[in-house]
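Chemist: Encoded as structure tokens, here's the structure I'll be asking about.
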Amino acid sequence: MTDGTLEPRALLRDIDAESKSIAVFTRRLQSYDVDASLDFIVEERLSPVDRAVLALFQAMGRATADDIRTYLGLGWEVSPSVVQALAAKSLIAPPAQDAGWYPPAGFVQQQWVYDPGLGTYRLEQVPPPIAARRLHAPDRAAWPAFVLTQAGAAALAAGVRRFVRSRSTRLWFAAEPLCFLGTSAEGAGYAAAKRGKPMEAVSVPAPLRSIDDALALSPNERAQAMGLREEDLPPAGLEGLSRCTPGASWEVREAPAMRDVCLVIAGLPDSAAGGSIAWQAFLRTRRAYRDTVTTKRAAHLETRIAELLGDWASAGTAALVSQAGLEPAPATSLDGIPVRAEGALLSKLLGRSDRPETTWAALPVVESDGWRSWIRVRALPASSQAAREALLAFLGRRRKALGHSFEAAVDATWSELVTFWGMPHLVRPDDGWVKRRLWEQTEMRGVLCAERLPRDLVTPYAAHAGGGR
């Protein structure tokens, strides 16, 4: 990212607050690639066959591959495979040897059974009767029995199976402060030797040394800690980040120079307290190899503004104006921080175009903290004479309009200035004064002569030539 892009308008181009922000602080962040194996909670919809088989296990309490063949009509080639697949997914399991199986809640039935040993009746839980027609005769061979697991019951109720899938992912972070920037695919197709040597453990920034703990937080806590939301992680469908894969290590490398990161803190006027500033944080990333620039809100950093900006965070508009070496003016309802100026400074703060506009004034650079900062000012004239001088400066930028109609150009320019300043009470200088002052500027004499040419020479000559015929 070149220095030209570290200008307020470029930094705020993609930010909604651009038209209202009155202060900008920015600094570059060192970013890192973290190669890690992550566990995701994945949902997989149950197939009709799996749902039918799980429902059979739920109804019967325990079942075998032969029961699947008998009641569902699946052949010998399919039934054992289905049982094996469901067992591999932990949806069914062999029953515990030391405990009987009872149907889950909602399927339990009770009946009174006479016990000759006790000489009385006792209440006994039994599986409900199954009203099903056998499609095949049962096999007398012994088949291993299975029961529905809790995971199987939950999958049957929801219609989907939830399981953990591990995936190697390259995450892109800034470490100070800790911010999730996205994922990276650069170098994914190269051998490990071509990707650069991982950083030594002692060189890894402190926030990244415990990245496994941060990734294991709940989604809300993770978003507050590093700004990582589940929808930020590709590929599509792998939502539900759980943690780093237990036992897996991760590697940290400095991100290549073609990727650049800026932390942008924009200040907006706080309507609840006059002169105070409400801060918003953004991350602006650029990938040179794609020539793409992305700006996103970093809400998790907005609780740390005081830590990031220090005394600047509590400074009001008056203090910022003073640090910029400008004179504050009374507050107005117009956007920008009002300041008083005159002469060349007033013209500079009104912008470089032929219409007045708010501009960004730089604050002193503090090399130790790396911040660059600006405030957005609305320059007002310190006196009526300063207003007149500003009029002359803008007329010098409208030579074509002056040459076409001097009076109309002066009227339009003055009207735009007093409207921008919010000072309709200022009196427009007369044309004679304006012409005298413009004539003092050598480069403006040709414009003034061009404006007088039709009136002083062309029109009289045409009238004289017409009258002589």
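Chemist: Could you check, for segment 410-431, whether at least one of its residues is assigned to a strand (DSSP E or B) and either surrounded by fewer than 17 Cβ atoms within 10 Å (Cβ to Cβ) or free of Cβ contacts under 8 Å to residues at least 60 places away in the same chain (or both)?
Modeler: So far as segment 410-431 goes, no, none of its residues is assigned to a strand (DSSP E or B) and either surrounded by fewer than 17 Cβ atoms within 10 Å (Cβ to Cβ) or free of Cβ contacts under 8 Å to residues at least 60 places away in the same chain (or both).
Chemist: Go through segment 195-220 residue by residue and tally those that are in a loop (DSSP other than H, G, I, E, B) and within 22 Å of P256 (Cβ to Cβ). Before the answer, list the steps.
Modeler: Residues of segment 195-220 in a loop (DSSP other than H, G, I, E, B): 196-200, 204-205, 210, 216-218.
Within this subset, residues satisfying the condition of being within 22 Å of P256 (Cβ to Cβ) are 196-200, 204-205.
Adding up the residues that qualify gives 7.
Yes/no matrix, rows are residues, columns are (1) farther than 21 Å from E7 by Cβ; (2) modelled with pLDDT of 85 or more; (3) not β-branched (V, I, T):
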{"site": "R287", "(1), (2), (3)": "no, no, yes"}
{"site": "R290", "(1), (2), (3)": "yes, no, yes"}
{"site": "A299", "(1), (2), (3)": "yes, yes, yes"}
{"site": "A319", "(1), (2), (3)": "yes, yes, yes"}
{"site": "A329", "(1), (2), (3)": "yes, yes, yes"}
{"site": "T332", "(1), (2), (3)": "yes, no, no"}
{"site": "K348", "(1), (2), (3)": "no, yes, yes"}
{"site": "W360", "(1), (2), (3)": "no, yes, yes"}
{"site": "V365", "(1), (2), (3)": "no, no, no"}
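Chemist: Right, something else. Filter segment 348-375 for residues that are of a type in the set (A, V, I, L, M, F, W, C) and in a loop (DSSP other than H, G, I, E, B); which is surrounded by the most Cβ atoms within 10 Å (Cβ to Cβ)? Before you say what the answer is, go through the steps one by one.
Modeler: Our first condition is that a residue be of a type in the set (A, V, I, L, M, F, W, C); within segment 348-375, this holds for 349-350, 360-363, 365-366, 371, 374-375.
If we keep only those that are in a loop (DSSP other than H, G, I, E, B) as well, we get 350, 363, 365.
Numbers: L350: 25, L363: 21, V365: 11.
In this case the residue turns out to be L350.
Chemist: While we're here: Can you run down the residue pairs with Cβ atoms below 6 Å, 6 or more apart or on separate chains, where the first is in segment 350-364 and under 16 Å from A319 (Cα atoms) and the partner is surrounded by 13 or more Cβ atoms within 10 Å (Cβ to Cβ) and polar (S, T, N, Q)?
Modeler: Pairs that qualify, where the first residue is under 16 Å from A319 (Cα atoms) and the partner is surrounded by 13 or more Cβ atoms within 10 Å (Cβ to Cβ) and polar (S, T, N, Q), are L363/Q323; L363/S373.
Chemist: Same structure, new question: Cβ-Cβ distance below 6 Å, separation of 6 or more or different chains: which pairs start in segment 56-83 with a residue that is part of a loop (DSSP other than H, G, I, E, B) and end on one that is modelled with pLDDT of 85 or more?
Modeler: T64/A145; L74/I68
Chemist: Out of the residues in segment 308-338 meeting the condition of being without any contact (Cβ under 8 Å) to a residue 60 or more places away in the chain and under 29 Å from A175 (Cα atoms), tell me which one is surrounded by the most Cβ atoms within 10 Å (Cβ to Cβ).
Modeler: A315
Chemist: Considering only residues that are acidic (D, E) and within 40 Å of the chain's Cα centre (by Cα), look in segment 343-391 and name the one that is farthest from D431 (Cα to Cα). Walk me through how you get there before you give the answer.
Modeler: In the first step, residues of segment 343-391 are kept if they are acidic (D, E); the result is 354, 357, 367, 369, 389.
Still in the list and also within 40 Å of the chain's Cα centre (by Cα): 354, 357, 367, 369.
Working: D354: 20, E357: 25, E367: 50, D369: 52 Å.
Only one residue tops the list, namely D369.
Chemist: Cβ-Cβ under 8 Å, sequence separation 6+ or interchain: first residue in segment 288-303 and in contact (Cβ under 8 Å) with a residue 12 or more places away in the chain, partner aromatic (F, W, Y) and surrounded by fewer than 17 Cβ atoms within 10 Å (Cβ to Cβ). Which pairs?
Modeler: none
Chemist: Hey, any hits in segment 442-465 for a residue that's in a loop (DSSP other than H, G, I, E, B) and either modelled with pLDDT of 85 or more or among the hydrophobic types (A, V, I, L, M, F, W, C) (or both)?
Modeler: No.
Chemist: In segment 41-63, what residues are closer than 12 Å to W143 by Cβ and surrounded by fewer than 21 Cβ atoms within 10 Å (Cβ to Cβ)? Break it down stepwise before answering.
Modeler: First pass over segment 41-63, keeping only residues closer than 12 Å to W143 by Cβ: 62-63.
Answer for segment 41-63, where residues must be closer than 12 Å to W143 by Cβ and surrounded by fewer than 21 Cβ atoms within 10 Å (Cβ to Cβ): just R62.
Chemist: So how many residues does segment 291-309 have that are acidic (D, E) and more than 19 Å from S276 (Cβ to Cβ)? Explain how you work it out, then say what you get.
Modeler: Going through segment 291-309, the residues acidic (D, E) turn out to be 291, 302, 307.
Okay, now just the ones that are also more than 19 Å from S276 (Cβ to Cβ), so 291.
Matching residues across segment 291-309 total 1.
Chemist: Follow-up. Looking only at segment 84-97, how many residues end up being hydrophobic (A, V, I, L, M, F, W, C) and touching a residue at least 60 places away in the same chain (Cβ under 8 Å)? Spell out the reasoning first.
Modeler: Filtering segment 84-97 for residues hydrophobic (A, V, I, L, M, F, W, C) gives 85-88, 91-93, 96.
When the remaining residues are screened for being touching a residue at least 60 places away in the same chain (Cβ under 8 Å), the result is 86, 91-92.
The total comes to 3.
Chemist: Can you tell which of E389, E357 is touching a Gly at 6+ places or on another chain (Cβ under 8 Å) and not assigned by TED's automatic domain parsing to the domain that holds E7? Please lay out each step first, then the result.
Modeler: Details: E357 fails: not assigned by TED's automatic domain parsing to the domain that holds E7.
Only one candidate qualifies: E389.
Chemist: May I ask you to say which residue of L326, L350, L309 is in contact with a Phe, Trp or Tyr (Cβ under 7 Å, 6 or more places away or on another chain) and under 24 Å from K20 (Cβ atoms)?
Modeler: Exactly one of L326, L350, L309 is in contact with a Phe, Trp or Tyr (Cβ under 7 Å, 6 or more places away or on another chain) and under 24 Å from K20 (Cβ atoms), namely L309.
The values are calculated or read from the model by the stated rules, or taken from the named source; none is laboratory data. The model shown is predicted, which means the values in this text are computed figures rather than measured ones. A quick note on method: Cβ atoms are made from the backbone with ideal geometry, for glycine too, and the neighbour counts reach across all protein chains shown.
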